[in-house]
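Remarks on the structure that follows.
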Amino acid sequence: MEVFNKAEQLEAARALVNAIEQDDDARIKTELMVLTNARESDLFQQIGKLTRELHEALNDFKIDARLIDLTHKDMPDTRDRLNYVIQTTEEAAHKTLGYIDKTLPLANELKQTAAKFIESWQRFRNREMSAAEFRELSREIEVYLPGVNTRADEIHSNLSEMTLAQGFQDLTGQVLRQVIGLVEEVETNLVKLVKIAGQPQQPETQTTDPLKAEGPQINAKNKPNVVNGQDEVDDLLSSLGF
Amino acid sequence: MKILIVDDFSTMRRIIKNLLRDLGFNNTIEADDGLTALPILNAGGIDFLITDWNMPGTQGIDLLKTVRADAKLSTMPVLMVTAETKREQIIEAAQAGVNGYIVKPFTAATLKEKIEKIFERINAQ
């Protein structure tokens with residue numbers, strides 16, 4: 001197909017006008033065809049260019065084995081990783097709560113036994129205690145003191161175990177960083193896809209239902225309709241008269 | 001005995017610090033990456049290095065290699081505490097001269113055992 005430049009097109013147009021003015025049917029037909037061919041060749045050029053670009057973009061995508069990997073391997077992988085995070089944090093929370101359950105009674109025992117002795121000791125100091133009673137008290141204290149040692153050791157040990165249980169944050173943190181990396185990759189690829197699709201879409205402004213459950217707010221400080229902490233909840237409720 | 005603890009997660013550094021305190025080691029210093037650990041090591045005075053593997057700047061394995069290659073630091077005892085569990089990694093660390101390799105999650109008993117083992121070997125030399 002010949003390519004017509006502007007000057008040539010203008011010339012052809014003038015020739016057509018001429019032919020029409022002169023009522024030369026045969027020439028009108030010829031000149032019309034010349035112009036149509038010019039137009040078609042132009043169109044063909046455009047289509048050819050677009051097709052080439054699309055072809056190259058698609059090829060880039062095919063060559064991008066990452067995309068295939070992302071779909072088949074990394075996404076299911078990511079689900080596993082996030083489930084691991086849920087599981088690990090759950091286990092750590094239960095573990096810690098378990099040690100707390102074991103430690104509170106120990107602290108209570110110490111407190112209760114001490115309370116008993118405080119009472120007895122007070123009677124001794126007030127000279128309200130007989131010698132026999134004092135001997136009994138001495139024996140009780142002798143039994144009690146090693147017990148304090150043991151309880152304290154147990155409490156210490158439980159607290160150490162609780163310290164270790166916090167190790168979940170490091171492990172889950174590492175996994176979450178990997179997931180963030182993957183999300184960024186998917187984001188990049190999606191942007192590429194949108195570009196190929198051609199039309200710059202306006203992002204949908206979704207009207208979110210304010211009553212819809214969202215779980216914990218991540219960026220509470222930057223959201224005007226989200227309260228920060230119990231104090232703000234209490235303030236809000238009392239300002240409404242509750 | 002001054003111990004340098006290197007891990008990019010502050011919680012892990014805190015846990016190790018607490019465990020060391022329980023074992024009687026109160027003189028500890030922290031770094032959040034192999035990169036930030038090096039100037040501390042080069043300044044001198046560190047007797048023991050405990051490091052993670054997976055860190056964004058300089059990985060623990062590279063920190064270990066750097067330490068072993070530096071005449072002033074090469075004999076420092078190094079203990080890795082890490083979530084990395086591939087055989088190739090453990091072998092690589094051993095070949096790079098690590099003195100102990102603890103995998104997360106770990107127990108206080110394991111930390112105690114590995115540290116004692118390292119000191120035993122040092123004292124036997």
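The values are calculated or read from the model by the stated rules, or taken from the named source; none is laboratory data. In this text, all values refer to a predicted model and were calculated from it rather than measured experimentally. Virtual Cβ from ideal backbone geometry, glycine too; neighbours counted across all protein chains shown.
Return the total of residues in region B:2-21 being charged (D, E, K, R), surrounded by fewer than 16 Cβ atoms within 10 Å (Cβ to Cβ) and not in a loop (DSSP other than H, G, I, E, B).
Adding up the residues that qualify gives 1.
Of the residues A:GLU161, A:GLU136, only one is surrounded by 10 or more Cβ atoms within 10 Å (Cβ to Cβ), within 14 Å of chain B (Cβ to nearest Cβ) and at pLDDT 90 or above; which?
Of the residues listed, the single one that is surrounded by 10 or more Cβ atoms within 10 Å (Cβ to Cβ), within 14 Å of chain B (Cβ to nearest Cβ) and at pLDDT 90 or above is A:GLU161.
Got a sec? Which of A:GLU232, A:GLU185 is part of a helix (DSSP H, G or I), surrounded by 10 or more Cβ atoms within 10 Å (Cβ to Cβ) and in contact with a Lys or Arg (Cβ under 8 Å, 6 or more places away or on another chain)?
Result of the check over A:GLU232, A:GLU185: A:GLU185.
Sort through B:ILE16, B:ILE3 and tell me the only one that's within 14 Å of chain A (Cβ to nearest Cβ) and modelled with pLDDT of 95 or more.
B:ILE16
Consider B:THR110 carefully, then state whether it is within 14 Å of another protein chain (Cβ to nearest Cβ), in a loop (DSSP other than H, G, I, E, B) and either at negative phi or touching an Asp or Glu at 6+ places or on another chain (Cβ under 7 Å) (or both).
So B:THR110 fails the test.
In region B:78-96, which residues are within 26 Å of B:GLY24 (Cβ to Cβ) and of a type outside the set (Ser, Thr, Tyr)? Talk me through it step by step, then tell me what you get.
Of the residues in region B:78-96, the ones within 26 Å of B:GLY24 (Cβ to Cβ) are B:78-82.
If the condition is that a residue be within 26 Å of B:GLY24 (Cβ to Cβ) and of a type outside the set (Ser, Thr, Tyr), then B:VAL78, B:LEU79, B:MET80, B:VAL81 are the ones that fit.
For B:GLY57, all conditions in the list (1) among the small types (Gly, Ala, Ser); (2) touching a residue at least 24 places away in the same chain (Cβ under 8 Å); (3) part of a helix (DSSP H, G or I) hold save one; what is the number of the exception?
(3)
Restricting attention to region B:102-125, and to residues there that are aliphatic (A, V, I, L, M) and in contact (Cβ under 8 Å) with a residue 24 or more places away in the chain, which single residue is nearest to A:GLU91 (Cα to Cα)?
Residue satisfying both the conditions and the ranking: B:ALA108.
Of these, B:LEU35, B:LEU49, B:LEU64, which one is more than 13 Å from the chain's Cα centre (by Cα) and outside any loop (DSSP other than H, G, I, E, B)?
Result: B:LEU35 is the single residue among B:LEU35, B:LEU49, B:LEU64 that is more than 13 Å from the chain's Cα centre (by Cα) and outside any loop (DSSP other than H, G, I, E, B).
Please verify whether A:LYS102 is out of contact with any helix residue (DSSP H, G or I) (no Cβ under 8 Å at 6 or more places or on another chain) and in a helix (DSSP H, G or I), treating the condition exactly as stated.
In short, no.
Failed condition for B:ILE29, given (1) within 14 Å of another protein chain (Cβ to nearest Cβ); (2) part of a strand (DSSP E or B), with all others met?
Against the list (1) within 14 Å of another protein chain (Cβ to nearest Cβ); (2) part of a strand (DSSP E or B), B:ILE29 comes up short only on (1).
Please go through region B:32-52 and give me each residue that is under 14 Å from B:VAL67 (Cβ atoms) and either within 14 Å of another protein chain (Cβ to nearest Cβ) or of a type in the set (Gly, Ala, Ser) (or both), ordered by number.
Looking only at region B:32-52, we keep the residues that are under 14 Å from B:VAL67 (Cβ atoms), and these are B:34-35, B:37-44, B:46-51.
Correct list: B:GLY34, B:ALA37, B:ALA43, B:GLY44, B:ILE50, B:THR51.
Inside region B:102-125, can you point out the residues that are of a type in the set (Ser, Thr, Tyr) and within 14 Å of B:PHE48 (Cα to Cα)?
Selection gives nothing.
Kindly check whether there is at least one residue in region B:65-77 that is modelled with pLDDT of 95 or more, surrounded by 14 or more Cβ atoms within 10 Å (Cβ to Cβ) and within 14 Å of chain A (Cβ to nearest Cβ).
Checking region B:65-77: not a single residue is modelled with pLDDT of 95 or more, surrounded by 14 or more Cβ atoms within 10 Å (Cβ to Cβ) and within 14 Å of chain A (Cβ to nearest Cβ).
Residues in region A:141-151: is at least one within 14 Å of chain B (Cβ to nearest Cβ), touching a residue at least 24 places away in the same chain (Cβ under 8 Å) and either among the charged types (D, E, K, R) or out of contact with any His (no Cβ under 7 Å at 6 or more places or on another chain) (or both)?
No; the residues of region A:141-151 include none that is within 14 Å of chain B (Cβ to nearest Cβ), touching a residue at least 24 places away in the same chain (Cβ under 8 Å) and either among the charged types (D, E, K, R) or out of contact with any His (no Cβ under 7 Å at 6 or more places or on another chain) (or both).
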